[in-house]
Structure formats: structure tokens, C-alpha cells
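Participant: One structure, as C-alpha cells, below. Some questions next.
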Amino acid sequence: MKTQIILQNDPDTRRCVLDAIRNGKVVALPTDTVYGIACAVDNPRAIAQMYSIKERDALKAIPVLIGDFNQLAHIAAEFNSKAKLITEHFWPGALTVVVSKNPALPQELTMYPTVGIRMPDYGWLLDLMRACGPLAATSANLSGAASPTSAQEVLAQLEGRIDLIVDGGTCAGGIPSTVIDCSREPVEILREGGISSASIFELINKQSSIGEK
């Protein structure tokens, strides 16, 4: 397989990416944090291919990116008050929330009763997902290697493994998202990333204080 790189600002890029995703391809895309590989969230074969591309442990679930809040119902079975509070404050942004999954999601995406969801702060990608729907997405690196922040870094790791890389320059964030498990009480930070756990718990504690008054 020959990996093609196309420029994000090329007029034909959006159409090429939409066609690739709709045809079951895995593509590499820039986000507000790092570059990711992505495919249609309802395509089990493409999701399985992502595991192969990354040499990813099957026990590690793949998160989902959404283009707007209206897409949540397709991914989450329940979105509790803590999840709503946190996402309304920090989305779009570098925050992944883990919640109960919609049972209609492919088993290949996650074998667990939960799923990680994020709305990236990246206009081009949000517009793309409003057209094609939510994407199964994870960082565009081989498992255990550094998360790439440029198209060339993606190519260095995944050349010949993926069909298409969208070159949007260097990612502004450069740090993976913070992951918080909202499916349990109290909520738990699973990974510290682009949004500090201190700012998240400050928001939660502030809301709790208001509720007690």
C-alpha cells in the first residue's frame, strides 16, 4: 500500500476524506491535540484494521470523536450530570469522557460497557464529522511510540499501513487529551493530558458547593 499525503487546505481534500471514510478506509487526520487515525464508527472491519495498523492491544478500547452534541445519542447510552457539566465547560477541547456506551456500537470498538468520547476543538474536523458522522479515532502512532504532531511524523511510523494522511501542519496542542471516567462515582482521571485534573475537579467541586446551598 502506498500512503498518500494531501494538504488540508486543498479544495478536494474534504471530498477525498469523506469518500475514503465512507468506503471503509482508515485515514490520518490532524486534531487540536495530536494526529489521529480514524474511520467510520459503525464499520467493524475498518476498526479492526486500526488495531492492526497500530499493533494495538485488543484490550485497549478505541475512543470516538463527535462533531456536535447531537451525535452523543448514537454513542452514549447514558450521559449523566457529571459528564454533562464537564463537557459543557470543556468541549470542544482536549478532554475525553468515558461513559456508558450505546449497545449498538460495534464490539470491535470496545469490549467494555463504556466508551470514550471527545469533541475536538478543530473546526475543519468538526465540519467533516457533521457530514460523515462520529469517527472511531486514536493517535496515529505505533503502540508505545510517541504521538505524532505532524504529517511527516505520521508517515515515519505508518507509511505503507494507511491509505491517506491529511497534512494540516503541526498540531497546536501537541499533548493527548485528558481522559476522565464519568461512568463511576466519584469520577476518576485515567490520563492527565491537555486539560489539568485540577481545573476539572475545581469545576465539579464548585458545582457541588452551589448544589448544597
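Participant: Here is a list: 103, 148, 92, 120. Which entry is open to solvent by 10 Å² or more (accessible area, probe 1.4 Å), in a loop (DSSP other than H, G, I, E, B) and closer than 30 Å to residue 13 by Cα?
Facilitator: Among 103, 148, 92, 120, only 92 is open to solvent by 10 Å² or more (accessible area, probe 1.4 Å), in a loop (DSSP other than H, G, I, E, B) and closer than 30 Å to residue 13 by Cα.
Participant: In the range 60-74, what count of residues is obtained for those that are open to solvent by 30 Å² or more (accessible area, probe 1.4 Å) and either more than 15 Å from residue 115 (Cβ to Cβ) or touching a His at 6+ places or on another chain (Cβ under 9 Å) (or both)?
Facilitator: 3
Participant: Residues to consider are 37, 62, 75, 117; find the one that is touching a strand residue (DSSP E or B) at 6+ places or on another chain (Cβ under 6 Å), touching a residue at least 60 places away in the same chain (Cβ under 8 Å) and over 19 Å from residue 20 (Cα atoms).
Facilitator: On inspection, the qualifying residue turns out to be 62.
Participant: Here is a further query. Considering only residues that are among the polar types (S, T, N, Q), closer than 14 Å to residue 132 by Cα and out of contact with any Gly (no Cβ under 9 Å at 6 or more places or on another chain), which ones fall in the range 19-73? Spell out the reasoning first.
Facilitator: The initial filter retains those residues of the range 19-73 that are among the polar types (S, T, N, Q), namely 23, 31, 33, 43, 49, 52, 70-71.
Next cut, closer than 14 Å to residue 132 by Cα only: 23, 43, 70-71.
Answer for the range 19-73, where residues must be among the polar types (S, T, N, Q), closer than 14 Å to residue 132 by Cα and out of contact with any Gly (no Cβ under 9 Å at 6 or more places or on another chain): 23, 70.
Participant: What are the residues in the range 174-205 that are in contact with a strand residue (DSSP E or B) (Cβ under 6 Å, 6 or more places away or on another chain), of a type in the set (A, V, I, L, M, F, W, C) and open to solvent by 70 Å² or more (accessible area, probe 1.4 Å), if any?
Facilitator: Listed by number, the list holds a single entry, 190.
Participant: Filter the range 35-59 down to the residues that are surrounded by fewer than 20 Cβ atoms within 10 Å (Cβ to Cβ), of a type in the set (A, V, I, L, M, F, W, C) and assigned to a loop (DSSP other than H, G, I, E, B) and list them by number.
Facilitator: The answer is 58, 59.
Participant: Being in a loop (DSSP other than H, G, I, E, B) and touching a Cys at 6+ places or on another chain (Cβ under 9 Å) is the filter; apply it to the range 10-24 and report the residue that is nearest to residue 167 (Cα to Cα).
Facilitator: The selected residue is 10.
Participant: May I ask you to verify whether residue 157 is assigned to a helix (DSSP H, G or I), within 23 Å of residue 58 (Cβ to Cβ) and either open to solvent by 30 Å² or more (accessible area, probe 1.4 Å) or free of Cβ contacts under 8 Å to residues at least 40 places away in the same chain (or both)?
Facilitator: Yes.
Participant: Follow-up question, since we're still on this one. Taking the condition of being on the phi > 0 side of the Ramachandran plot and among the aliphatic types (A, V, I, L, M), how many residues in the range 151-169 meet it?
Facilitator: Adding up the residues that qualify gives 0.
The values are calculated or read from the model by the stated rules, or taken from the named source; none is laboratory data. Remember, predicted model here, so these are calculated numbers, not experimental data. FYI the Cβ positions are ideal-geometry reconstructions off the backbone, even for glycines, and counts take in every protein chain you see. Only protein heavy atoms, including side chains, enter the accessible area calculation; ligands, DNA and RNA are left aside. Shrake-Rupley method; radii C 1.70, N 1.55, O 1.52, S 1.80 Å.
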